[in-house]
Amino acid sequence: MIDTALACEEITRTTVSQSASVSLSTAGKLLTALDECRFTNKIYKREDGCGSPSKLHVIREDISVLVLDLSSYSYSATISCGKVNKVIFEKYAYDPALSFESNLLVFLSKIGMKISKLSFSVSAICTIIADDPERLLRTSHASACYAVTCADVSVVNHTCAQLFGIAPILNLNLSQAIHCAANYGIISYRDMRANLSYIRFGDSFDSIYLPYKSAPVYYKFDRIILDDGKRFSTLAETASSSYDLAYLLMRSINLMDCAYPTDTFFVEYDIDCIGDGVQDYISRFFRASDITLPQIQYLGNNPSAASLGASVAALSSLIKAHITGI
């Protein structure tokens, strides 16, 4: 019920009752408990300025989650309240002259300085690591990055506990974080039984197929050789224009669409920096090839859908831990 409530666009007794298939009374008891435990506040909203106001439950603005995305060769940190209210977004370029522990300490110290200027402290922390950490070592950035693995999670947990007083409540890999983004409505689609594909182009190029009934499939595009003999990873690392990016995304979408039945693609890149030209180029590529353009939704990556999905998942875990007393 808690997961269902957090996935609702507006948290009301009716929406929780319908989504969780429970009675209005049961949904009401949950929402009252969330209010009493000070996870949510009650507000009243009047539709179109007329009629009786409806009662909404909104996540308190001082309940914040820090998400550390360590799944790329460049790290990022996002502090958000609720589902999409970003408070802080910070990127960090790994310094190969320092150890991983020292880099982590520098990175988290910078975040700590920003947190100290907020009027509230961080309520929970979540980390994200790559599904295939070794992929980072197969890129030209290998000498200037550190592939964070499950073995490093204990170091991250310990350092967070030292600096922030709390250890991460969740440790996810990238595909799990994307699943969270889908489950909690950060990325929206109509049919909950749909097969999804997610492509992220930023500091790294990640492509994941998320079937409805089976485990995610992580594409290893860095190993693909294109028609002209160039490696896909080389083109991804040297892409310098919206046309270059559109070509790479078009090839990725086409390959993934041929390999697995995808209902909706979610393509994430720096829309603010690169602009909407990428989307037009992709449409033209498919039209020129006389191939039907798949269903595509474009997302910004500041912060990423994975970070926002992980944030809500961590909030859910925090609420459940409070209820169970763990």
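The values are calculated or read from the model by the stated rules, or taken from the named source; none is laboratory data. Note that the coordinates shown come from a computational prediction; the quantities given were computed from them, not determined experimentally. FYI the Cβ positions are ideal-geometry reconstructions off the backbone, even for glycines, and counts take in every protein chain you see. To get the accessible areas, we keep the full protein, side chains included, count just its heavy atoms, and leave off ligands, DNA and RNA. Shrake-Rupley method; radii C 1.70, N 1.55, O 1.52, S 1.80 Å.
Every listed requirement among (1) within 15 Å of the chain's Cα centre (by Cα); (2) open to solvent by 50 Å² or more (accessible area, probe 1.4 Å) is met by Leu98 save one, (1).
Listed here are the residues, each with its yes/no results for (1) farther than 28 Å from Met113 by Cα; (2) of a type in the set (A, V, I, L, M); (3) buried (at least 22 other Cβ atoms within 10 Å of the Cβ).
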{"site": "Val16", "(1), (2), (3)": "yes, yes, yes"}
{"site": "Ser21", "(1), (2), (3)": "yes, no, no"}
{"site": "Ala33", "(1), (2), (3)": "yes, yes, no"}
{"site": "Glu36", "(1), (2), (3)": "yes, no, no"}
{"site": "Ser52", "(1), (2), (3)": "yes, no, no"}
{"site": "Ser64", "(1), (2), (3)": "no, no, yes"}
{"site": "Val67", "(1), (2), (3)": "no, yes, yes"}
{"site": "Ala77", "(1), (2), (3)": "no, yes, yes"}
{"site": "Gly82", "(1), (2), (3)": "no, no, no"}
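Look at segment 263-293 and say how many of its residues are among the aliphatic types (A, V, I, L, M), under 21 Å from the mean Cα position of the chain (by Cα) and at pLDDT 90 or above. Final tally of qualifying residues: 1.
As a summary of the residue check, Tyr260 satisfies the conditions (1) out of contact with any helix residue (DSSP H, G or I) (no Cβ under 9 Å at 6 or more places or on another chain); (2) modelled with pLDDT under 85; (3) among the aromatic types (Phe, Trp, Tyr) except for the one numbered (2).
Conditions tested, residue by residue: (1) open to solvent by 60 Å² or more (accessible area, probe 1.4 Å); (2) among the charged types (D, E, K, R); (3) closer than 30 Å to Ala124 by Cα.
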site: Ser240; (1), (2), (3): yes, no, no
site: Leu245; (1), (2), (3): no, no, no
site: Met256; (1), (2), (3): no, no, no
site: Tyr260; (1), (2), (3): yes, no, no
site: Gly309; (1), (2), (3): no, no, yes
site: Ala313; (1), (2), (3): no, no, yes
site: Ser317; (1), (2), (3): no, no, yes
site: Lys320; (1), (2), (3): yes, yes, yes
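Screening Val87 with (1) open to solvent by less than 60 Å² (accessible area, probe 1.4 Å); (2) in contact with a helix residue (DSSP H, G or I) (Cβ under 7 Å, 6 or more places away or on another chain) gives one miss only, at (2).
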